[in-house]
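The values are calculated or read from the model by the stated rules, or taken from the named source; none is laboratory data. Since the model is a prediction, treat every value here as computed from it, not as a measurement. Methodologically, a virtual Cβ is constructed for each residue, glycine included, from the backbone with ideal geometry; neighbour enumeration extends over all protein chains shown.
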Amino acid sequence: MNIVFYSYKGGVGRTQSLVNVAFCLITKGKKVGLIDVDLEAPGIHHILNANITAHQSLIEHLILQDVSAIESRVIEIKNVRGKELNFPGHLFLFPTFPDRIKLSRIKDGTDTIKFFEQSVKHFKDIFNLDYILLDSRTGFSQFTPLTLQIAKLFIFVAKPDSQNAVGIKELLNIAKGKQKLLLVSQIPKANVSEKKILKYLNEFEIMSGGKIDIRIPFDERMLFGDQIPHLDFPAECPINKAFDDLSEKIIQINN
């Protein structure tokens, strides 16, 4: 199952959400592949503390267009920051190494889109993956079409404000006919009453035209460094429960 994580604005926790969902899925025994399609500002390898080279980059892959090279570009993530991943599932990363000069050498057009689709399928087949999670660029860019055709499920990530609502409305229109989930992040858990929170969330749903499926609570620990709750926080904390709920929804949709 190909799942694309999109956000209209930056700073909403899209990449962190993708990684946290991946950890929920491997905890449940799934084989998960990650592809960093944020070609201009890739970040998954930073969160996972993975050492990558330009040779392994999706940018290089899209320039050379040799699908057989995928196996040499992909990294199996076995530990993060010195912590062994003793989970029943497995995690693989097809990274992107930032390079603005090489980025300009990627050809626009249907040939590149078709090659990318072929590459995603090859990635799935080689590693026998249950899920592929793709991190897409914020907003709309020349590379947005790469992920539009292959997604079985879109996960739109937003903060509940008017700027995000306008963008989510546009994204929902683009994704018509596709399955989608709307994740709203950084919901306060203190100092704001539940009644007031619900009021803001209801206004966001009206403005965006979407129904919020998952609320990710604010956790100040997420502000400092690239935290992975399944590794770094107690299992019972609210943010872990929220991502577990999201992973269960994904599994239900896939079944």
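When ASN86 is tested against (1) without any contact (Cβ under 8 Å) to a residue 12 or more places away in the chain; (2) part of a helix (DSSP H, G or I), just one condition goes unmet, and that condition is (2).
If you go through the stretch 1-31, how many residues are part of a loop (DSSP other than H, G, I, E, B) and touching an Asp or Glu at 6+ places or on another chain (Cβ under 8 Å)?
At the first step, the residues of the stretch 1-31 found to be part of a loop (DSSP other than H, G, I, E, B) are 1, 7-13, 28-30.
Restricting the remaining residues to those that are touching an Asp or Glu at 6+ places or on another chain (Cβ under 8 Å) gives 1, 8, 30.
So the count comes out to 3.
Applying the condition of being β-branched (Val, Ile, Thr) and in a loop (DSSP other than H, G, I, E, B) to the stretch 105-150 and asking which residue is surrounded by the fewest Cβ atoms within 10 Å (Cβ to Cβ) yields THR144.
Checking the conditions here, which among VAL32, VAL4 is closer than 25 Å to ALA165 by Cα, in contact (Cβ under 8 Å) with a residue 60 or more places away in the chain and of a type in the set (A, V, I, L, M)? From the options VAL32, VAL4, the qualifying one is VAL4.
Pull up the stretch 32-47, narrow it to residues that are in contact with an Asp or Glu (Cβ under 8 Å, 6 or more places away or on another chain) and assigned to a loop (DSSP other than H, G, I, E, B), then point me to the one that is surrounded by the fewest Cβ atoms within 10 Å (Cβ to Cβ). That would be GLY43.
Here THR96 fulfils each of the conditions (1) part of a loop (DSSP other than H, G, I, E, B); (2) of a type in the set (S, T, N, Q); (3) over 20 Å from THR144 (Cβ atoms) apart from (3). Every test in (1) assigned to a helix (DSSP H, G or I); (2) touching a helix residue (DSSP H, G or I) at 6+ places or on another chain (Cβ under 8 Å); (3) farther than 21 Å from GLY13 by Cα; (4) in contact (Cβ under 8 Å) with a residue 24 or more places away in the chain is passed by SER72 save one, and that test is (4). Taking the criterion of being surrounded by 13 or more Cβ atoms within 10 Å (Cβ to Cβ) and under 19 Å from LYS152 (Cβ atoms), the residues of the stretch 163-173 that qualify are LEU171, LEU172. For GLY29, the criteria (1) under 20 Å from LEU246 (Cβ atoms); (2) crowded, with 19+ Cβ neighbours inside 10 Å; (3) at pLDDT 95 or above hold in every case but one, which is (2).
I'd like the residue in the stretch 208-255 that is among the aliphatic types (A, V, I, L, M) and surrounded by fewer than 17 Cβ atoms within 10 Å (Cβ to Cβ) and, out of all such residues, is modelled with the lowest pLDDT. Within the stretch 208-255, the match that is modelled with the lowest pLDDT is LEU223. Checking each residue in the stretch 48-71 for being surrounded by fewer than 21 Cβ atoms within 10 Å (Cβ to Cβ) and not β-branched (Val, Ile, Thr) picks out ASN49, ALA50, ASN51, ALA54, HIS55, GLU60, LEU64, GLN65, ASP66, SER68, ALA69, GLU71.
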